[in-house]
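Let me begin by presenting the structure, written as structure tokens, before commenting on it.
What follows draws every value from the coordinates through simple rules; no lab data is involved. Quick caveat, the model's predicted, so the values are computed rather than measured. Counting neighbours? That spans all protein chains shown, and the Cβs are built from the backbone with ideal geometry, glycine included.
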Amino acid sequence: MMHANQQDLIALLRDAGIREDVLAIMETVPRELFVDAATLHQAFENIPLPIGWDQTISQPYIVGKMTEALWQSSMRRVLEIGTGSGYQAAILSQCAGEVYTLERVQSLHAKAKARLQSMALSNVHVFHADGSKGMPDVAPFDGILVTAAMLEVPHVLLSQLAIDGRLVAPVGKPGAQTLQVITRTPLGFEMEEIEDVRFVPCREGVE
Ligand code: SAH
């Protein structure tokens, strides 16, 4: 049986309306390097895949949508909460000067760190930490991307956005989550909902 390849996946994402500048980046990041051996044959399907510890590498379409929603020209610093496999972080490394990514599960963190290092992505900084409080020492961020669902976006994260910076996060209870884009303006915050989504929940603490 012939399996889909990276080109097929990009073509499918193009048909689904993902922007060309985002596709050009996704094309350079082989998803096969971020999935487990057991699901390698599905690496280029437009579905989330298990990566262990009850977690998943997100569906490529959603990675594209979130990258689109976050990306603005000349982003210096971006924070990702939920490193998972490291796939989204590898894509963000081409959208921003420096990428900081936090993962609460030690084994996932260690695997992603080794992967990203072997790809020589020297502007991605990988930490084992509970990301729900962000990184106040590194803030402000031009973008914050959350890849685990929050019941609501904590103010401590919003306060780490630069003016004009954007936070993209799945928000809501299981079964009723939407992708929110929150922009910091000189006067406050503006929120837009772009799509219904399904994400694993954001959890507190580390393990
Ligand atoms: N961005 C990932 C997909 C991640 S799935 C990728 O491209 O593969 C969501 C991840 O968020 C899981 O690995 C989960 O362990 C992690 N997570 C959940 N709550 C977290 C928290 N509070 N801080 C950091 N990571 C968290």
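Would segment 32-44 turn up any residue that is out of contact with any Asp or Glu (no Cβ under 7 Å at 6 or more places or on another chain) and closer than 26 Å to residue 139 by Cβ? Scanning segment 32-44 turns up no residue that is out of contact with any Asp or Glu (no Cβ under 7 Å at 6 or more places or on another chain) and closer than 26 Å to residue 139 by Cβ.
Can you tell which of 24, 43 is over 30 Å from residue 163 (Cβ atoms) and either of a type in the set (A, V, I, L, M) or more than 13 Å from the ligand (Cβ to nearest atom) (or both)?
On the way: 24 fails: over 30 Å from residue 163 (Cβ atoms).
Only one candidate passes the filter, namely 43.
Of everything in segment 183-206 that's of a type in the set (A, V, I, L, M) and either assigned to a strand (DSSP E or B) or surrounded by 13 or more Cβ atoms within 10 Å (Cβ to Cβ) (or both), which residue is nearest to the ligand (Cβ to nearest atom)? Spell out the reasoning first.
Of all residues in segment 183-206, those of a type in the set (A, V, I, L, M) come to 187, 191, 194, 197, 200, 206.
Now drop any that are not either assigned to a strand (DSSP E or B) or surrounded by 13 or more Cβ atoms within 10 Å (Cβ to Cβ) (or both), which leaves 191, 194, 197, 200, 206.
Values: 191: 21, 194: 17, 197: 12, 200: 5, 206: 8 Å.
Taking the candidates together, the pick is 200.
For segment 181-197, a residue qualifies if it is out of contact with any helix residue (DSSP H, G or I) (no Cβ under 9 Å at 6 or more places or on another chain) and either of a type outside the set (A, V, I, L, M, F, W, C) or touching a residue at least 24 places away in the same chain (Cβ under 8 Å) (or both), and the qualifying residues are 183, 185, 186, 188, 190, 193, 196.
Quick check, is residue 171 within 15 Å of the ligand (Cβ to nearest atom) and more than 17 Å from the chain's Cα centre (by Cα)? When the stated conditions are applied, residue 171 does not pass them.
Of all residues in segment 71-125, those being within 11 Å of the ligand (Cβ to nearest atom) and of a type in the set (Ser, Thr, Tyr) number 5. Among the numbered conditions (1) surrounded by 23 or more Cβ atoms within 10 Å (Cβ to Cβ); (2) within 12 Å of the ligand (Cβ to nearest atom), the only one that residue 59 does not meet is (1).
Within segment 124-138, being in a loop (DSSP other than H, G, I, E, B) and under 18 Å from residue 162 (Cβ atoms) holds for 134, 135, 136, 137, 138.
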